Each structure stands twice: as C-alpha cells, then as structure tokens.
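The values are calculated or read from the model by the stated rules, or taken from the named source; none is laboratory data. Keep in mind that what you see is a predicted model, and the values were worked out from it rather than measured. Backbone-built Cβ (ideal geometry, glycine too); neighbour counts: all protein chains shown.
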C-alpha cells in the first residue's frame, strides 16, 4: 500500500467533508446567529486550510528527490494514520451536524 497516496486521498476526503460541514454550519448561522456558530465555521475553515497545506507540503517533499524520498516514505504511514483518524472524526461530526 502506498501510504503517501492513501494519506493524500484521506486529506482530500477531509476537505470534502469539511466543505459539507461548513455549508451546514452556514445554514445554521442564518437561523442561529451566535458566536458559537460562527466559531464552528471558523474552526472548520482552518481545518480545510490545514488539509490543503498537508497535501501541498507532502507532495512537494515527495517530489524533492531521491535523498529525501526515504524520509517521506518513512513518515507516510504516520501521516496516513493521522489523516484517517481525522476522516473518521469528521465523518462522525458531519453525521451529528446533519441530524
């Protein structure tokens, strides 16, 4: 299994999940004008930025050359685990938010 591709796929999935979560929170913000709702939008937006940075950063490192490729390959399973855990958490958050 290529952990780097799987980690990137999880990060892209997270971006999609966060987009739906943000859309849900914006709908809620129109009905419930509170700092909490606006805070949820801000936090989810920052998570999108985080996932975009992860994809760009790791793809640049992966393309940097053979010397650093071994380090990137060694770190990739951990990145995959982090992104997979985030995907699971965001899936649960989306499920709860849409109820």
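When we screen 42, 79, 46 for residues that are surrounded by 15 or more Cβ atoms within 10 Å (Cβ to Cβ) and part of a helix (DSSP H, G or I), the only hit is 79. Against the condition over 11 Å from residue 10 (Cα atoms) and surrounded by 14 or more Cβ atoms within 10 Å (Cβ to Cβ), how does residue 94 come out, does it pass? For residue 94, the condition - over 11 Å from residue 10 (Cα atoms) and surrounded by 14 or more Cβ atoms within 10 Å (Cβ to Cβ) - is met. Among the residues of the stretch 41-81, those identified as in contact with a helix residue (DSSP H, G or I) (Cβ under 8 Å, 6 or more places away or on another chain), at pLDDT 90 or above and closer than 13 Å to residue 11 by Cβ are 47, 48, 51, 52, 79, 80.
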